Amino acid sequence: MPANHVANATEIANYITEVYLNFTSDHPYPNWNDLPEVKIITLLWKIWTPVLLVFGNFGNIVTIVVMSRKQFSESTTATYFRALAGMVSLLNFIYIIYVLHNIYVGNILFNKSTE
């Protein structure tokens with residue numbers, strides 16, 4: 001190909017497909033779950049995600065309590081902080097349920113069952 005050749009979409013797609021197929025078929029570790037790094041990261045993910053979410057929710061509850069005090073209660077900023085902390089706590093709670101469900105029912109990572 002000339003140096004100033006501009007690839008069209010088909011050439012780009014073919015190149016990406018070729019690189020992807022060569023990577024996955026010739027990769028020395030076809031089973032990613034057996035790698036020690038993946039096992040360590042998965043274990044850390046399973047432990048630290050719920051811990052951080054619980055501490056995050058605790059911090060949000062403290063924010064709601066502090067911003068609800070009389071000296072802050074009429075501030076517009078305090079109202080925004082209370083709303084933000086409440087929404088983040090709600091989303092964290094939903095995510096905690098999602099993570100715990102997938103830890104005990106099935107592994108999110110690599111769509112592999114834990115049984």
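The values are calculated or read from the model by the stated rules, or taken from the named source; none is laboratory data. What you see is a predicted model; the values in this text were computed from it and never measured. No Cβ is skipped: glycine too gets one built from the backbone with ideal geometry, and neighbour counts run over all protein chains shown.
Just a yes or no: is a residue in the range 31-39 out of contact with any Ser or Thr (no Cβ under 9 Å at 6 or more places or on another chain), at pLDDT below 75 and among the polar types (S, T, N, Q)? Yes, the conditions are met somewhere in the range 31-39.
Quick one: how many residues across the range 44-103 are acidic (Asp, Glu) and touching a residue at least 60 places away in the same chain (Cβ under 8 Å)? Total meeting the criteria: 0.
Taking the range 60-90 as the range and being exposed (fewer than 13 other Cβ atoms within 10 Å of the Cβ) and either in contact with a His (Cβ under 7 Å, 6 or more places away or on another chain) or in a helix (DSSP H, G or I) (or both) as the test, the residues that pass are 62, 65, 70, 71, 73, 76, 77, 80, 83, 87, 90.
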